[in-house]
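Every number here is computed from the coordinates shown, using simple stated rules; none is lab data. Just so it is clear, the structure is predicted and the values come from calculations on it, not from any experiment. As a convention, Cβ positions derive from the backbone with ideal geometry for all residues, glycine included, and neighbour counts pool all protein chains shown.
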Amino acid sequence: MTGCCENKSCTLNAMRANHGRVLKIVLAVNVVMFVVEAVAGMAAHSTSLLADASDMLGDALVYGFSLYVLTRDEMWQARAALLKGLIMLAFGLGVAAEAVYKTLHPILPDGEAIGVIGLLALAANTGCFLLLYRHRADNLNMSSVWLCSRNDLFANAGVIVAGIAVIFTQSRWPDIIVGGAIAALFLKSAFSVLWQSMAALRTQSH
């Protein structure tokens, strides 16, 4: 008797359902943290928090696209990964512009607020990272999502360091430097995702 499990469709459907549940959770977490960090970043005059908020929004868009292509073929997944890379590139350039602006328009950010919100973001992204880790090698779609989550942990740690440094130095520069570093991380990841997606698109077109 031939059943769906014998031709692997049961396994594939189960994997997609599992991916969907995980992506919905991390999508919700990133939307909430985007709002929290954006509001806190503006109130604290913090480049690093606004940079991290942009990262959260970018990730939310990434997870949304990833949900959209769950039941689609590898060509659609490669196209979605290409779009994710372009979004990451745009946010990286935006954060870099913000760092330049704050350099030219100096104001001392609130170091304590930066540190507290940075810790909250680190806790949220650690949970997302653990959820996504087991699926990082399932396909290009989940691989690019996991890459976003991994980068978030480095960004969050940088924000916390920036907050502590601002408190002790009473200088805006740690915040600006971390914001610029997050922008550089965005750009590096963007080019990585773009390269992988274009390679996949070339493979699928042959």
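Worth a mention:
- Net charge, Val39 excluded, C-beta distance under 14 Å - Lys, Arg +1, Asp, Glu -1: -3
- Projected label points at Trp173 and Leu86, each 7 Å from Cα along the beta carbon direction, are separated by 3.9 nanometres.
- Straightening the chain between Met198 and Leu130 buys 21.7 nm, computed as 0.36 nm per residue apart minus the Cα-Cα spacing.
- Cα shape, segment 77-138, gyration tensor, a/c 1.5 rule: oblate
- Residue-span extension gain [Tyr101 to Lys24] - 0.36 nm each, minus C-alpha spacing: 24.2 nm
- Burial order of peptide ranges 100-107, 41-48 (average beta-carbon count within 10 Å, highest first): 41-48, 100-107
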